[in-house]
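Comments concern the structure below.
Where a number appears in this text, it was derived from the coordinates with a stated rule and is not lab data. Quick caveat: nothing in here was measured; it's all calculated off a predicted structure. All Cβ positions, glycine included, derive from the backbone under ideal geometry; neighbour counts span all protein chains shown.
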Amino acid sequence: MEIELTRIDFDADEYDVRLAVAAVLHGPDLYDPNDPENKGRVPNFEIQMCESPAGRIHNGKAILRVRSTLGRRLLKWNRESEDNNVMVKGRRLKVFNLFKPVPPHVRQGLEKALYIDPERERQRSQIEYQAKLVRPRIAKVQFGVWYKPPNSRSQRRAFSVEYEREFLSNSAAYLNLVYEHKLIHVDIGQRETEEINYMILVKFSSIRKMGIGYDEVGQAFIILDLHTPPSFEQESYNGRAPEGIKRKGRFKTRDRISAIDPLHARIAPYAHHLRILLAEPDELLKFEKICHLAQCEPRPIRVPCVDARGMGFFSDRDLLQVQRWIKTMEWKNAFQIEACLRSGLLTTHDLLVTLQKPIEQAIHYYGSESSEFLRLFSVALKMRKVADEELGDLFARTRSNHAKIKPLRLASGHISCHHVIITPSRVLLEGPYTTQSNRVIRKYQSHDPSLTERFVRVEFRDEDRLAYRWDGDVDGTWFLQQRVGGILRHGFELGGRAFEFLAYSTSALRDHSVWFVSPFRDPVEGYVTSENIRASLGDFSKLLRMPSKYAARIAQAFTATDASVKIHRDQWEEQDDLTNQTDGVETIFTDGVGTISPQLADMIWEAKCKASRRVREHRVKPSAYQFRFLGYKGVVVVDHNLQGIKMRLRESQRKFPVHDIEWAEFEIARSFDYPNPVHLNRPAVMALEDRKVDKETFIALQEKAKASIYLSSDSLENFSQLLTKHSLGGKYHLAFILEQLSKLGLDFKGGTDKKAIEGAFFERLLRFSMNHSLREVKFKARIPVPKSYQLVGVADEGQAYIKEGIASEDEVFTLGPGRIYVCVQDSATEQPTYMKGTCVISRSPVIHPGDVQRVYAVGEPPEDKLCFFRGLKNVVVLPATGERSLASCLAGGDLDGDTYDIYYGNPGLIPQLQTGPAEENKSDPWTLDDEHGDATVEDICDFIVEYINSDVMGLLADRHIIIADQSMDGVFDERCMKLARLCSQAVDYAKNGNPVDIHNNLPKPLIKFKPDWHKAEVTGARELDYYVSERALGYMFRNIKLLDPDRPIEGLPTECPEATAPLKDPISHVLAPLIQRTLDSDTDVDDVEPGAENMNDHMEELHAHYVREMRYICVTHTLVDAPDVRLKEEEVVLGTILANCVQSRWRTDRTYRMKLHAEELVNDIREQIVQTEEIPTPDQLRSGLSRAWEVWAWAQHHRDEEFIESFSLIILGLLLDFLKRLGGLDAWVDKHTDTSTRRSETREVG
């Protein structure tokens, strides 16, 4: 209802009135916190001040909008006593019922939105208002690069102005600081004389340093040293859209652009640092003040006059000269040189004047390994400080340090792939990185290994390397069509080679990444182009009217897979799907899953183990594989009823036909040989809480996780468990190493039967692990759930047995609706565990409240019946009966590789409120008009452009969880339910090509403030932008305090004792007698000195090789492309990146690449020390143990070398692995356990 408030003091503003009304409505007379209608929240209301015709801020009146029940209570309370008043600035207000209903959209907000303290809004509004008042006029805008003047003795850098534009004589430009969006905005143009308004936008997060000062003539300047280039936009003063563009929404008025004019477009790919000259010197002080008020980070600092002059480093002539030069060299070398130029590490002057001759000499010296040397030189450039040494000296030092270069040896199924990143203004080059191969590349690699470099990965990203995101009034359509669409359609030239669009994999498309290829001559097929490759993949004739589906089927061939065995046409067949029809709607219970015989499964596993570098000695043989085979995809599960070599696939798995193939390769996309642990996440917590799971249940699980993190510093055993729970250090086998050291009587601190490890490196690893784990718990609510697992879904084939007449219905044990089967086994040495009882099953992402379902696990199947799933491990078997498949009820899942979370043994997580699943989203794929004809590669390119422009899954999921927090109805709010439907559509977008129309359908948040748990992990989050959430996520967020990663853990060693002689440290002291006994050696290995000169040379080369790759990993796989940003050794060992990042997908991608690179390096080092068979003989193990000890001894005599600690960790893992295999560790543990027991008994007797 609406209530009029009168007699308001004219000096009072809206916030004064809101505070006064809140004091009454939220006071003890009117607010009962135990009233179920309030759901624990103080009631919301709205104040609307009435305008004054006299120019005051109001006319003394206001309208109070409030829920009807509360409004009537307020009116009654006001009448009951003269003491019951609403007081504003000491004046009593009159209160009248207007007998008007509240507009529906306002009523929804009042009923469901969270109340926000008006003082918080007042402070924010005041800052925004003051920021708008500071708008200094700009005299000049300059873009350039930093450089060191030749022969300069000064340590200061100079600024080369590569582009300059003046705005006083024939145009205008103004500087704004936009508080809400945390950016500096340069506005260019005059409405009266120009048609286009151009904008330069610099995010606070992209600024490395901001300097302010006055030049030699007293002109004020602002100079921005930037991590990444600014964004550029344009807007027509007349509201016109670019030609051929239909606006996505009526509020879309601005377009993204790559440069502000043609002259700027030429230098933008190379020079992005910004210098702004102000028209009035006095404006600089105002700008400095507002930066501090708006909490701009980094804050501006006063700097002396900067030497700024135009050096012309990137003139057309010099750029052309560089291109002509690099076209004369091998393409891999040209790639590395152009990478340095485009990343700002070198200028054309550096290349043409200083480095051209040295580079040519180096290429002649290194021959086929020249690109490796140039890659290492780029690392040296990134690690160099401008003032450290001259460029020529740096190049010479790099050559002398790398006289011999040995490239990284890759595992089978991996290639070294070059990456091209297309941003709005730049083309960045990275790599080559280790990348898992696919069917297409393997084919041509088998013809000629050098052909792999013809394939490059191209990524389309914003300037900060994150996915494209547009402000609400920015339309990205025109820009993407020009920038992304132009490159996709027309290709690009790089190092003298022309590259053209080839295809993408489905997972890569989500990251806006595609494959390009440079046409080549194949020794078998002759001249090969992208069109030839696509045409050779299969028969797509039935898909040529559906571009998105056509592209998705091509994508199957580009899925990262491992080759395994070849299967003859007689050894596989197609069988019918298990289906059910209810009310004319068909559900497929076996959507995406087929079967294989045990013999074929053994052959596949043997091939997988043989090709893998990882030891799989104690792994459980997988019961299921995710695969690609001809035009089929999905999962196959072992059927013990099949004999010989047999595979049975289903129609739902056939995506396109492939004709006349006698033998075909079974490609493994994933093998499910172990169960993954389940972790909670934010969407799941929100949905479960609204399904009546107690808030305390989540907090209790979080407390357990928090305790395990903090207690990890108590012992090496606890630390090992922490690493396992949070999947850290796996590439270096760190958890295994700590577990074995603990068994050998070593620990962080000395004590009874324990000796202190005295390893500062282990303390740092612990510190980084704790920090990583706490951040995951705080920012993602990623909390381990005990006894719960994430498993791939398969179907119960028992119904197929009955249907085919193998057995009668009474003779087959099958799963009924709402029943599942789960058996998990971590390793072959452990016993399997069967789940039995009520549990919860879900599939991420949980959006709809029905994406979480209660089910019953049946336990071990009975012995007296035929049962398909008897013996299946590390899968979840879903029923093939009922009205609808269980998989489709869980976020629209299927059985082609989807994994499901099973919460078991945690009764508190079982929802008490029953909710049905979301409706199935079945829509026809986007189809071309009849007059268009069949789809071509241009249509696929257009689809990719539209996909990038309409990739809104992250936005929808984020908006969903925010509204759920703000609304009293939580995830059941009608806005959330609408967002759940849109999410379902967005998930299928890549396949069916139907985009989500967010411009007309996206629900808005109930309030502009966000919950406190939504604070990004980046620094500088402003408290005024958030409210304190009372939901479980809010309590969990505030329950975690992060550790300082640079602060040592109290009580643990932070430095290695300098006095300890080599091989006299605690680890060597414990290992030496063990190794001596295991080798049956008479030599005292405790006194081993570095061996023969040739052996020492080999170890030095091995370590130098390790250092080279580690430097590259630390410099390249960072979240920010900046010379002063590098990963730490501990991050590489643990497989984590601790730097702040606003987009988790980007961190995940970079971490994955870093871990893959590190894994290849670790395996390469291990194999260069000792090569063994998959199951080595005792003699091979003893030989490997002896050799590994010699390398360990060498490392202990060179403890001051770079990266020696992680290098030693690899060797330590080898030593402990060989000792364990040879029985040396178990014998030691048994002996000392008996001794410890006898001591304990003696103490008890005493």
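Over 20 Å between Cα atoms, which of Lys140/Lys289; Lys549/Lys633; Lys443/Lys621; Lys443/Lys542 qualify? The answer is Lys140/Lys289; Lys443/Lys621; Lys443/Lys542.
Straight-line cross-link partners of Lys327 among the lysines, defined as a Cα under 19 Å from its Cα and at least 8 positions apart when in the same chain: Lys357. Determine, from the Cβ-Cβ distance of Lys836 and Asp570 and an R0 of 60 Å, the FRET efficiency 1/(1 + (r/R0)^6), rounded to the nearest 0.05. E between Lys836 and Asp570, to the nearest 0.05, is 0.90. Label-to-label distance for Arg299 and Gln436 is 4.8 nm, based on points extended 7 Å past Cα in the beta-carbon direction.
Model label points for Asp988 and Trp146, set 7 angstrom from Cα along the Cα-to-Cβ axis, are 5.2 nm apart. Among the listed pairs Lys94/Lys182; Lys182/Lys922; Lys978/Lys1015; Lys406/Lys725; Lys1015/Lys1155; Lys608/Lys1155, which are separated by more than 30 Å between their Cα atoms? Listed pairs above 30 Å: Lys94/Lys182; Lys182/Lys922; Lys406/Lys725.
Work out, step by step, the length gained on full extension between Glu863 and Ala1016: first 0.36 nm times the residue separation, then minus their alpha carbon distance; give nm to one decimal.
On the way: separation 153, 0.36 × 153 = 55.08 nm, distance 5.38 nm.
Full-extension gain reported as 49.7 nm.
Is there a quick way to get the dipole size of the chain? I mean about its Cα centre, with the Cβ of Lys and Arg at +1 and of Asp and Glu at -1; what is the value in debye to the nearest 20?
Values: 166 positive and 186 negative charges, 576 e Å.
Using Cβ point charges on Lys, Arg, Asp and Glu, the chain gives about 2760 debye.
Cut-off is 10 Å between beta-carbons; in what order do Ile737, Ile421 appear when sorted fewest neighbours first?
On the way: Ile737 23, Ile421 18.
Lowest to highest Cβ neighbour count: Ile421, Ile737.
Taking a ≥ b ≥ c as the square roots of the eigenvalues of the alpha carbon gyration tensor, the stretch 95-195 is prolate, as a/c is not under 1.5 and a/b beats b/c.
With a Förster radius of 30 Å applied to the C-beta separation of Leu98 and Glu128, the computed FRET efficiency comes to 0.45.
Here the calculated FRET efficiency for Asp35 and Met87, from their Cβ-Cβ distance with R0 = 22 Å, stands at 0.30, rounded to the nearest 0.05. Charge dipole (Cα centre; +1 on Lys/Arg Cβ, -1 on Asp/Glu Cβ; no other charges) of the stretch 896-992 amounts to roughly 740 debye.
Between Val24, Asn97, His58, the Cα set farthest toward the positive side of the dipole of the stretch 2-112 (charges on each charged residue's Cβ, about the Cα centre) is that of Asn97. Under 5 Å between amide hydrogens, built in the peptide plane, is the criterion, and for Phe520 it picks out Val528 among residues at least 5 positions away or on other chains. Sparsely packed loop sites in the stretch 1023-1052 (the GluC sites (Glu not before Pro) outside DSSP H, G, I, E and B with at most 10 other Cβ atoms within 10 Å) comprise Glu1050. Multiplying the residue separation of Glu883 and Gln1180 by 0.36 nm and removing their Cα-Cα distance gives an extension gain of 101.1 nm. Aspartates and glutamates near Lys246 by alpha-carbon distance under 16 Å, same-chain residues fewer than 8 away left out - which ones? Those aspartates and glutamates meeting the cut-off are Glu235, Asp255, Asp473, Asp475, Asp942, Glu946, Asp997.
Rounded to the nearest 500, what is the 222 nm mean residue ellipticity of the chain from helices alone, with -39500 (n - 2.57) per DSSP H run of 4+ residues and division by all residues?
Working: 37 runs with 444 residues, N = 1246.
Rounded to the nearest 500, it is -11000 deg cm²/dmol.
Could you pull out the GluC sites (Glu not before Pro) across the stretch 142-230 that fall in loop regions by DSSP (anything but H, G, I, E, B) with no more than 15 other Cβ atoms inside 10 Å? Write out the running numbers ahead of the final one.
Details: sites: Glu162, Glu164, Glu166, Glu180, Glu192, Glu194, Glu195, Glu216; in loops: Glu180, Glu192, Glu194, Glu195, Glu216.
Filter output for the stretch 142-230: Glu180, Glu192, Glu194, Glu195, Glu216.
Gain on full extension, evaluated as 0.36 nm per residue between Thr529 and Arg107 minus their Cα-Cα distance, stands at 145.8 nm. Proximity of backbone amide H atoms, modeled 1.01 Å from N, is registered between Asp307 and Phe159 at under 5 Å, excluding neighbours fewer than 5 places apart on the same chain.
If you filter the stretch 1101-1174 for GluC sites (Glu not before Pro), then keep DSSP loop positions with at most 15 other Cβ within 10 Å, what is left?
Values: sites: Glu1101, Glu1109, Glu1129, Glu1130, Glu1131, Glu1159, Glu1160, Glu1167, Glu1173, Glu1174; in loops: Glu1173, Glu1174.
Answer in residue order: Glu1173, Glu1174.
Projecting label points 7 angstrom from Cα along Cα→Cβ for Lys246 and Gln323 puts them 3.7 nm apart. Straight-line cross-link partners of Lys865 among the lysines, defined as a Cα under 17 Å from its Cα and at least 8 positions apart when in the same chain: Lys803. Going by neighbour counts of Cβ atoms within 10 Å, the residues Tyr237, Tyr115 line up, fewest first, as Tyr237, Tyr115.
Here Phe492, Phe516 are placed in order of increasing Cβ neighbour count within 10 Å, fewest first, which gives Phe492, Phe516. Within the chain, the selection of entire DSSP H helices by a Cα span of 24 Å or greater along the long axis and an average Kyte-Doolittle value of at least 0.5 returns 1204-1221.
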